[in-house]
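Okay, structure first, notes after.
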Amino acid sequence: MRRIVRVVFALAGSTLGWVGPLAGQTQSAAPELRLRGSAEELLSIAYPERYSADPDALSEDVEWVEDESADLRQWWERQGPLFLLRAADMAGLPWPYRDIEVYLVRYWPQVSIEYPLVLALDAVQGPGGSAQVPRDEDVRVLLLAHQLVHYLLDDPPARPGAAADPAYGHPFMVPGSFELESLVNWVTYSALEEIWGRDRLERATRDDLWLAYNPNHAFVVDELMRERRLARTYTLARWLRDNPPGSPIFAVEEDYEERSGAADEPTGAGPGLSGTDYGFDLGAAFDGSIFVAFVDAGSAADRAGVLRGDVLSTIEGREVGRDIGDARRRLDESWEDDREINLSVIRDGREVYLTLGS
């Protein structure tokens, strides 16, 4: 998996993902988003068993994406820039990107926040199983919009000479946490509701795949959106300032998790949605740390006590660096060797040791 990460960044050079903050960029400045439908080298490395034996399959899948992505591209041309502006307005935070590349592919091993961003249009297809992506324009827009808002809310580097917005220091803004995922969807839902209307948003968010990957959905709708409507005049950044540690929202969130089991993945999510046999997927924060982005319910990782938001510290006694591809490769190799992984994670400021077994 190390090679996948390196090839991704070689494909589009400096325009791929974060290209550096813009001096003087204002809240209303939105990045330019490019939807790319050809990533042959990337796909050949991700799925060698599919494409190496049959080169025609690669060109067929690229052609399939070109045809299948027409509605998504048309929507983005009409409404995409407006969504980016609305998301920044409601977050009260400026975009730290000049432009963003999105690779549209037929299959991808996971649904997670990636740098660069890859969006599967047909199926999330990994070694642990496959989950179908609906052929529904609104659900695909929702999946894309969610990942883009992560690019806005995940703590980016501060601009040279400028302090980071204090909103990023709030306890709810920890990358990979249930709380941050909730805030991402709060902004996403608020911006899309303004563009689509409430009925259309509710229909899209009832999709089974969406709910499987977003166990925070009910908390966002039942608690956050019911309490406050985000707008330019009352942004997420202001809400975070108004709700420091010790405020009632902390008790509400804890009570919600206790009543609903929201911190755990829903049992209806099915096996293998992480794309791994051992049951968890990784994400990379802007500071270089690697965290647990998703845990399959009932998996080896779930049974061992791995939690979304855990920051990886060691794998088999060796420190985890900043290369997410290398971390995935080491986890895969450990599991393939003897169906066991020994790792440690940083959780609530302390190191926790865990053993995953089959």
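Of all the residues that make up the range 222-242, how many are assigned to a helix (DSSP H, G or I), over 19 Å from Pro94 (Cα atoms) and not aliphatic (A, V, I, L, M)?
Just the residues of the range 222-242 that are assigned to a helix (DSSP H, G or I), to begin with: 222-227, 236-242.
Okay, now just the ones that are also over 19 Å from Pro94 (Cα atoms), so 222-227, 242.
Next, only the ones that are not aliphatic (A, V, I, L, M) stay: 222-223, 226-227, 242.
Residues that pass the stated criteria total 5.
Of everything in the range 171-201, what is under 20 Å from Leu307 (Cα atoms) and not in a helix (DSSP H, G or I)? Give them in sequence order.
Keep residues of the range 171-201 that are under 20 Å from Leu307 (Cα atoms), which gives 171-185.
If the condition is that a residue be under 20 Å from Leu307 (Cα atoms) and not in a helix (DSSP H, G or I), then Val174, Pro175, Gly176, Ser177 are the ones that fit.
Given the residues Leu153, Leu201, Leu180, which is the only one that is of a type in the set (A, V, I, L, M) and out of contact with any Asp or Glu (no Cβ under 8 Å at 6 or more places or on another chain)? Spell out the reasoning first.
On the way: Leu201 fails: out of contact with any Asp or Glu (no Cβ under 8 Å at 6 or more places or on another chain); Leu180 fails: out of contact with any Asp or Glu (no Cβ under 8 Å at 6 or more places or on another chain).
After applying the criteria, what remains is Leu153.
When the residues of the range 295-353 are narrowed to those that are acidic (Asp, Glu) and on the phi > 0 side of the Ramachandran plot, which ends up surrounded by the fewest Cβ atoms within 10 Å (Cβ to Cβ)? So that I can check it myself, show each step before the final result.
Just the residues of the range 295-353 that are acidic (Asp, Glu), to begin with: 296, 302, 310, 316, 319, 323, 326, 332-333, 336-338, 340, 348, 351.
From what's left, on the phi > 0 side of the Ramachandran plot: 316, 348.
Working: Glu316: 13, Asp348: 7.
Here the residue is Asp348.
Tell me which residues, restricted to the range 37-64, are surrounded by 17 or more Cβ atoms within 10 Å (Cβ to Cβ), of a type outside the set (Ser, Thr, Tyr) and closer than 30 Å to Phe83 by Cβ.
Gly37, Ala39, Leu42, Leu43, Ala46, Asp61, Val62
Could you list, in sequence order, the residues of the range 192-231 that are aliphatic (A, V, I, L, M) and surrounded by fewer than 18 Cβ atoms within 10 Å (Cβ to Cβ)?
Those that are aliphatic (A, V, I, L, M) and surrounded by fewer than 18 Cβ atoms within 10 Å (Cβ to Cβ): Ile195, Leu211, Ala218, Val221, Met225, Ala231.
What number of residues within the range 293-309 satisfy the criterion of being at pLDDT below 85 and under 18 Å from Gly176 (Cβ atoms)? Show your work before the answer.
First, the residues of the range 293-309 that are at pLDDT below 85: 293-298, 308-309.
From what is left, the residues that are under 18 Å from Gly176 (Cβ atoms) are 293-297, 308-309.
Total meeting the criteria: 7.
Need at least 1 residues that are out of contact with any helix residue (DSSP H, G or I) (no Cβ under 7 Å at 6 or more places or on another chain) and either assigned by TED's automatic domain parsing to the domain that holds Gly279 or at pLDDT below 95 (or both) per element, so show me which helices (runs of 4 or more DSSP H) inside the range 19-128 make the cut, counting only ones lying wholly within it. Show your work before the answer.
Details: elements: 40-46, 48-51, 55-68, 70-91.
Because the criterion is at least 1 residues that are out of contact with any helix residue (DSSP H, G or I) (no Cβ under 7 Å at 6 or more places or on another chain) and either assigned by TED's automatic domain parsing to the domain that holds Gly279 or at pLDDT below 95 (or both), the helices (runs of 4 or more DSSP H) in the range 19-128 that meet it are 48-51, 55-68, 70-91.
Looking at Leu331, Leu312, which is the one that is of a type outside the set (Asp, Glu), more than 15 Å from Ser289 (Cβ to Cβ) and at pLDDT 90 or above?
Working: Leu312 fails: more than 15 Å from Ser289 (Cβ to Cβ).
The conditions single out Leu331.
Give the residue, chosen from Gly279, Gly283, that is at pLDDT below 80 and not aromatic (Phe, Trp, Tyr). Let's see the steps before the verdict.
Numbers: Gly279 fails: at pLDDT below 80.
Just a single option satisfies the conditions, and that option is Gly283.
When the residues of the range 244-256 are narrowed to those that are touching a residue at least 12 places away in the same chain (Cβ under 8 Å) and not in a helix (DSSP H, G or I), which ends up surrounded by the most Cβ atoms within 10 Å (Cβ to Cβ)?
The extreme case among them is Pro244.
The values are calculated or read from the model by the stated rules, or taken from the named source; none is laboratory data. The structure presented is a predicted model; accordingly, all values stated were derived computationally and were not measured. Ideal geometry is used to build each Cβ from the backbone, glycine not excepted, and the neighbour counts take in all protein chains shown.
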